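Visitor: Here it is, the structure in full.
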Amino acid sequence: MTAQLVDGKAFAVQLRSRVAGHVAWLKEEHRITPGLAVVLVGDDPASEVYVRNKGRQTIEAGMKGVEHKLPAETSQADLLALIEQLNSDPEIHGILIQLPLPKHLNADLVINAIDPAKDVDGFHILNVGLLGTGQNAMVPCTPLGCLMMLRGHLGDLSGLEAVVVGRSNIVGKPMAQLLLRDSCTVTIAHSHTRDLASICRRADILVAAVGRPEMIPGDWIKPGATVIDVGINRIARDGKQQLVGDVDFSSAVEVAGAITPVPGGVGPMTIACLLANSITACCRVHGLPAPE
Ligand code: NDP
């Protein structure tokens, strides 16, 4: 058996086109241009690529995109002052602070300084609480994209056994909350989990968000399961740099029913969900219907 590919690029194209349609409607009918501000502190090369891609796709969707690039030695006070300025700017509906921040900055404090209504990454403590209590939260982009692909691929998720490997605040925990909200039976595994292989083997939905190249082999996967590989790991193979996931794709593809490739799976949906969250934030503040 060879698994069906869950094509994140195709899902992202569809979502971006829905976003662009909503932006056009906001501009034409309400004279509102949704605005997203992205803040990058320091010169981490991977973060620079992400920020560039986010900026490009924001503009392509017809939105206003603002980029703030600050030097690595920026003080906490200066960063907080910028956030305050963006919080009170009526043309900015979404604020994203690119993580990781340099070590001298307190990421929790910085994120919690963002107006929760503009927190398009969904990392503010208020949005975390809203998601955990099943209320109208701003949902973190990566797990939101995973959920959209799972729903698109499987339809109703209720009653399915879901295993999320990884418990970070950015991916693992919100992913588990979303699956629970969709009535899956959810297990969260992490580095202290005993017998990870047998836990993975019971999953109808297996989400890998670990950050360890090809850690999950095909024989940990239940035949026919849907596998979402969030991992993005850069490795050297055959003298070349290569991106691989947390799942060993070549063995997993023989067992799973469906699997996201790396690259081209979860990654493209993350940015598309950021745009969608920005439109949602804009619509909410203006009391207008947000896209479905
Ligand atoms: P973190 O490092 O914050 O979390 C990793 C999690 O994996 C931790 O909970 C850790 O457990 C767990 N873990 C580590 N080793 C093991 C192990 N041997 N067995 C079981 N669990 C283990 O990573 P993130 O959640 O931020 O990211 C995970 C991956 O997803 C990375 O590759 C990252 O690059 C990628 N990513 C991709 C995105 C995309 O858009 N596609 C967006 C965000 C992340 P413990 O808590 O016990 O330490």
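Visitor: Please build a GNM for the chain, connecting alpha carbons under 10 Å apart, and tell me which residue among Met149, Met215, Met63 fluctuates the most.
Guide: Evaluated over the chain, the most mobile residue of the options is Met215.
Visitor: Still on this structure, please answer the following. Work out, in µm²/s and without decimals, the Stokes-Einstein translational diffusion coefficient of the chain at 25 °C, 0.890 mPa s, Rh from Kirkwood over C-alpha pairs.
Guide: 125 µm²/s
Visitor: Still on this structure: Can you count the Lys pairs in the chain whose Cα atoms are under 20 Å apart, with each pair 8 or more apart or on different chains?
Guide: 9
Visitor: Pop out the ³J(HN,Hα) list for segment 42-59 in order, Karplus 6.51 cos²θ - 1.76 cosθ + 1.60 with θ = phi - 60°, rounded to Hz; leave Gly and Pro as x.
Guide: Going residue by residue, I get x, 10, 4, x, 5, 5, 4, 5, 4, 5, 4, 5, 4, x, 5, 6, 4, 5 Hz, with x marking Gly and Pro.
Visitor: Would you mind working out the magnitude of the charge dipole of the chain relative to its Cα centre, with +1 at each Lys and Arg C-beta and -1 at each Asp and Glu C-beta, to the nearest 20 Debye? Don't skip to the end; give the middle numbers.
Guide: Values: 25 positive and 30 negative charges, 49 e Å.
Approximately 240 debye in magnitude.
Visitor: Check the chain for me: any Cys whose beta-carbon has no other cysteine beta-carbon within less than 4.7 Å?
Guide: Cys146, Cys184, Cys200, Cys282, Cys283
Visitor: Give, in whole angstrom and from largest to smallest, the semi-axes √(5λ) of the equivalent ellipsoid of segment 129-245, with λ running over the eigenvalues of the Cα gyration tensor.
Guide: Values: eigenvalues 115, 56, 37 Å².
Semi-axes from the Cα gyration tensor: 24, 17, 14 Å.
Visitor: Could I ask something else about it? Hey, what did segment 16-164 get for relative contact order, percent, Cα under 8 Å, at least 6 apart?
Guide: 20 percent
Visitor: Assuming R0 = 22 Å, what is the FRET efficiency of Glu29 and Ser88, from their Cβ-Cβ distance, to the nearest 0.05?
Guide: E between Glu29 and Ser88, to the nearest 0.05, is 0.30.
Visitor: Oh, and also: Classify segment 74-126 as rounded, prolate or oblate from the Cα gyration tensor: take a ≥ b ≥ c as the square roots of its eigenvalues, call it rounded if a/c is under 1.5, otherwise prolate when a/b beats b/c and oblate if not.
Guide: Oblate is the answer for segment 74-126, as a/c is 1.5 or above yet b/c matches or exceeds a/b.
Visitor: Another question, if that's okay. Using DSSP to define loop residues, name the trypsin sites (Lys or Arg not before Pro) in segment 1-35 whose beta-carbon has at most 11 other beta-carbon atoms within 10 Å.
Guide: Sparse-neighbourhood loop trypsin sites (Lys or Arg not before Pro): Arg31.
Visitor: Based on Cα coordinates alone, diagonalise the gyration tensor for segment 30-120, multiply each eigenvalue by 5, take square roots, and list the semi-axes in whole Å, largest first.
Guide: Calculated on Cα positions only, the semi-axes equal 22, 16, 9 Å.
Visitor: Something else: Can you find, among Val207, Thr142, Asn169, the residue sitting farthest towards the positive end of the charge dipole of segment 140-292, where Lys and Arg contribute +1 and Asp and Glu -1 at Cβ?
Guide: About the Cα centre, the residue reaching furthest to the positive side is Asn169.
Visitor: Could you derive backbone 3J(HN,Hα) for segment 18-30 from the dihedral phi with the Karplus parameters 6.51, -1.76 and 1.60 (θ = phi - 60°), listing whole Hz in sequence and x where the residue is Gly or Pro?
Guide: Going residue by residue, I get 5, 4, 4, x, 5, 4, 4, 4, 4, 6, 6, 8, 10 Hz, with x marking Gly and Pro.
Visitor: Then there is this: Normalised by the residues of the chain, what does the relative contact order come to in percent, with Cα pairs under 8 Å and at least six apart?
Guide: The normalised contact order for the chain reaches 22 percent.
Rule-based calculations on the coordinates, nothing more; no lab input. Values in this document were obtained by computation on a predicted structure and should not be read as measured data. In this analysis, Cβ positions are derived from the backbone assuming ideal geometry, glycine residues included, and neighbour counts consider all displayed protein chains.
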